[in-house]
Amino acid sequence: VVDQKRAPLDFSSFSKLTNLRVLKLERTTIKLLSESEEAVGFMDVIFPSLESLTLVESNLEEDLMPAFQKFPRLEDLVLKNCDYLGGKMNISAQGFGRLRKLDLIMVRLNELQIEEEAMPNLMELDVQNQGMPLAKAGCPPRRAGPV
């Protein structure tokens, strides 16, 4: 558990923890250098073994889904009581190939867009926006698998 109340978190500081499987961050400010596609592209190198990521009461300065969906082994993603001013989060079609659980309990989230074929192994989905309902949530219907 990492508890940083003041300094923004730099994910590259975790790059030597290649066997890290579970990470829980509390009360952090998270900003990637997303102006540079390099930051998002290297997330699979920084966290090659990460299976579970939990952020609690963190301030998200941008949509982190493009970075998080690059984690090759991520199965559980929980954002609990996180504040996000950007309004909209997107999960792309090839995103989160191994994700089984997605819990988004956000302070401010206006829209969540999930593209078709995203999260093919998802078994548990909980999306909540504290204080008011989501203005828009897009999740394509799923076809049942072979019987």
Inset, instruction - Just check segment 12-129 against the gyration tensor rule for me: Cα atoms, a ≥ b ≥ c as the square roots of the eigenvalues, rounded for a/c under 1.5, and otherwise prolate or oblate depending on whether a/b exceeds b/c. - result: rounded
Legend entry - Electrostatic dipole magnitude of segment 12-129 [Cβ: Lys, Arg +1; Asp, Glu -1; Cα centre; debye, to 20]: 460
Inset, instruction - Can you tell me the FRET efficiency between E61 and Q128 if r is taken as the Cβ-Cβ distance and R0 is 25 Å, rounded to the nearest 0.05? - result: 0.75
Inset, instruction - Starting from the Cα of N121, step 7 Å toward the Cβ, then list every residue of segment 58-76 with an amide N under 13 Å from that point. - result: 71-76
Legend entry - Whole-percent carbon and sulfur share, accessible surface of segment 12-129, 1.4 Å: 46
Inset, instruction - Using a 1.4 angstrom probe, figure out how much accessible area segment 12-129 has per residue, in square angstrom, rounded to the nearest whole. - result: 49
Inset, instruction - Work from the charge dipole of segment 12-129 (Cβ charges, +1 for Lys and Arg, -1 for Asp and Glu, about the Cα centre) and give the residue of G95, F14, T28 farthest towards its positive end. - result: F14
Legend entry - Ranked by how many other beta carbons lie within 10 Å on average, peptides 117-124, 63-70, 105-112 from highest: 63-70, 105-112, 117-124
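The values are calculated or read from the model by the stated rules, or taken from the named source; none is laboratory data. Just so we're clear, the structure is a prediction, and the values are computed from it rather than from any experiment. Backbone-built Cβ (ideal geometry, glycine too); neighbour counts: all protein chains shown. For accessibility, only protein heavy atoms count, side chains too; no ligands or nucleic acids. Shrake-Rupley method; radii C 1.70, N 1.55, O 1.52, S 1.80 Å.
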